[in-house]
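Data block below; observations after.
The values are calculated or read from the model by the stated rules, or taken from the named source; none is laboratory data. This one's a predicted model, so the numbers in the text were calculated from it and none came from an experiment. Glycine also receives a Cβ, built like all others from the backbone with ideal geometry; neighbour counts cover every protein chain displayed. Surface areas here come from the heavy atoms of the whole protein model, side chains and all, with no ligands, DNA or RNA. Shrake-Rupley method; radii C 1.70, N 1.55, O 1.52, S 1.80 Å.
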Amino acid sequence: TGGVCAEVKSPCRVLLLLNPLSGKGQAHTLFTSHVQRMLQEASIPYTLTITERQNHARELVREADLSQWDALAIMSGDGLLFEVVNGLMERDDWEEAIKTPLGVLPGGSGNAVAASMHHYCGLQPVSGEELLVNCGFMLCKGLVSRLDLTSVCMASSQRLFSFLSLAWGFVADVDIESEKYRHVGAARFTLGTLVRLASLRIYQGKLSYLPAEEPGTHPCSIESTESLTNVPQSISSSLDYANDLQCQNHPLHNSCNSNNALKPKRTHPSVLGPPDSLLVPLDQPVPAHWTVVNEENFVLVLAAYQSHLAEDLIAAPASRLEDGVIHLIYVTAGISRAALLRLFLAMEKGTHLSTNCPNVVYVKARALRLEPLSPKGTITVDGELVEYGPVQAQVHSSLARLIAG
Ligand code: ADP
Ligand code: MG
């Protein structure tokens, strides 16, 4: 019997959403040839739904009767998972809905979450169909981990939930420009990087962040980490950690979805999702204890919350699914093309942060704000294009659940 079923009333039911256009357009064929039998042999009943257009999965998940499903899985790249996560967070019952275990079958060209999960298990790096098969096993095994989500707030007051990255400058440009090379699959990022290197440019903007600190060393750290360990009881009750801790023991058990006696105080009543306790409105200066970066000319700003940015790009090797940390990497202007190329080549092994290049900065943060000054540009969230302009974000530790072990 499959592990997904192990801790829930049987039968365990998986809603599998498949984007037929993801990757090289072979996701459905790959599912049939590599995963279908595995699920059957593990006796995991699933319903396969092929998405028909962008945001189809997001709408389905927003409206779905979640009591019918024990897990929601995607067969695509990170973009379809982004739809599922945001669909869940757009529901009135987001607090329960987002605890639905999510499964990932890499069928896209950007499979960063799948590659990260694989990396966290301590397995040798693999790509393509091998990664797909390994993730298929993980789905069958059904071990549920917690997953940090970062809320991203735009000037239009739109708010998104992100599990992977926020990028501006070089990386964001490559994310979007490389869409046209999707016929080469995961290699599209390497190709896009080489093309972008040839037309390297500087991006002007202001960057500030709230540094991550060890719990207890800073008055804001308890609130900011939302850590599930070492939280005093008084804080624990107001943020409902007790309910979460119950989930840790029975990750798929329905008691996760029990009513919460105490809800956190909401600062923006109309906005769904947890309040962003670390952020002040975008039109106000950042809080005094934030760090304001003393440089306005950047080549890239990348906030990563998982180890991988793509199957063969390990941007934040130290990252874990639920470390409550935004791994902030930025590269300031003045770096040579050769040094930038070396940086990306080193990123294939995850050794780029120890190269001692003075233009490359890596800090751990809980929240950040980015205010681009260049009139035009690209910002991506989890590899997806979002509105260009000032943006801020804060991590919400362990908000979601991922079948990842
Ligand atoms: P890839 O890694 O290959 O880019 P993604 O999962 O990121 O795969 O999907 C790419 C984009 O396609 C995402 O923006 C997603 O929302 C969108 N999408 C999902 N289903 C469909 C569909 N049926 N037709 C067109 N676009 C889709
Ligand atoms: Mg994508």
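Determine whether region 39-53 contains at least one residue that is closer than 20 Å to S307 by Cβ and either modelled with pLDDT of 95 or more or in contact with a His (Cβ under 9 Å, 6 or more places away or on another chain) (or both). Steps first, please.
From region 39-53, those closer than 20 Å to S307 by Cβ are none; that's our starting set.
Within region 39-53 (the criterion being closer than 20 Å to S307 by Cβ and either modelled with pLDDT of 95 or more or in contact with a His (Cβ under 9 Å, 6 or more places away or on another chain) (or both)), the answer is no, since none of the residues qualifies.
Taken over region 12-33, the residue count meeting the criterion of being open to solvent by 10 Å² or more (accessible area, probe 1.4 Å) and either acidic (D, E) or in contact with an Asp or Glu (Cβ under 6 Å, 6 or more places away or on another chain) (or both) is 1. Scanning region 185-204 for residues that are touching a residue at least 24 places away in the same chain (Cβ under 8 Å), β-branched (V, I, T) and open to solvent by 30 Å² or more (accessible area, probe 1.4 Å) yields T190, I202. Scanning for something open to solvent by less than 60 Å² (accessible area, probe 1.4 Å), not aromatic (F, W, Y) and not in a loop (DSSP other than H, G, I, E, B), does region 314-323 turn up at least one residue? Yes, there is a match, as at least one residue in region 314-323 is open to solvent by less than 60 Å² (accessible area, probe 1.4 Å), not aromatic (F, W, Y) and not in a loop (DSSP other than H, G, I, E, B). Taking strands (runs of 3 or more DSSP E) as the structural unit, those lying wholly within region 351-405 and holding at least 2 residues that are closer than 19 Å to L309 by Cβ and away from ligand 1 (no atom under 16 Å from the Cβ) correspond to 360-372, 391-403.
For region 376-394, a residue qualifies if it is of a type in the set (V, I, T) and closer than 25 Å to S76 by Cα, and the qualifying residues are T378, I379, T380, V381, V386. With respect to the conditions (1) surrounded by fewer than 19 Cβ atoms within 10 Å (Cβ to Cβ); (2) within 16 Å of ligand 2 (Cβ to nearest atom), Q124 lacks only one, and its number is (2).
In this structure, is V85 more than 15 Å from V14 (Cβ to Cβ), at pLDDT 95 or above and either open to solvent by less than 60 Å² (accessible area, probe 1.4 Å) or of a type in the set (A, V, I, L, M, F, W, C) (or both)?
yes
Quick check on region 328-339. Is at least one of its residues under 18 Å from A310 (Cβ atoms) and either in contact with a helix residue (DSSP H, G or I) (Cβ under 9 Å, 6 or more places away or on another chain) or away from ligand 2 (no atom under 16 Å from the Cβ) (or both)? There is at least one residue in region 328-339 that is under 18 Å from A310 (Cβ atoms) and either in contact with a helix residue (DSSP H, G or I) (Cβ under 9 Å, 6 or more places away or on another chain) or away from ligand 2 (no atom under 16 Å from the Cβ) (or both).
When S22, S116 are checked against the criterion of being closer than 26 Å to A315 by Cα, away from ligand 1 (no atom under 12 Å from the Cβ) and in contact with a Ser or Thr (Cβ under 6 Å, 6 or more places away or on another chain), a single residue qualifies: S116.
Looking only at region 39-57, residues that are open to solvent by less than 30 Å² (accessible area, probe 1.4 Å) and more than 13 Å from ligand 1 (Cβ to nearest atom) come to 3 in all. The single condition from (1) among the hydrophobic types (A, V, I, L, M, F, W, C); (2) open to solvent by 20 Å² or more (accessible area, probe 1.4 Å); (3) in contact with a strand residue (DSSP E or B) (Cβ under 9 Å, 6 or more places away or on another chain) that I329 fails is (2).
Okay, residues lined up against (1) at pLDDT 95 or above; (2) within 16 Å of ligand 2 (Cβ to nearest atom):
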site	(1), (2)
A112	yes, yes
V133	yes, no
S145	yes, no
S157	no, no
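Residue check, C135 against (1) without any contact (Cβ under 8 Å) to a residue 40 or more places away in the chain; (2) open to solvent by 10 Å² or more (accessible area, probe 1.4 Å), all met but one. Which one? Unmet for C135, out of (1) without any contact (Cβ under 8 Å) to a residue 40 or more places away in the chain; (2) open to solvent by 10 Å² or more (accessible area, probe 1.4 Å): (2).
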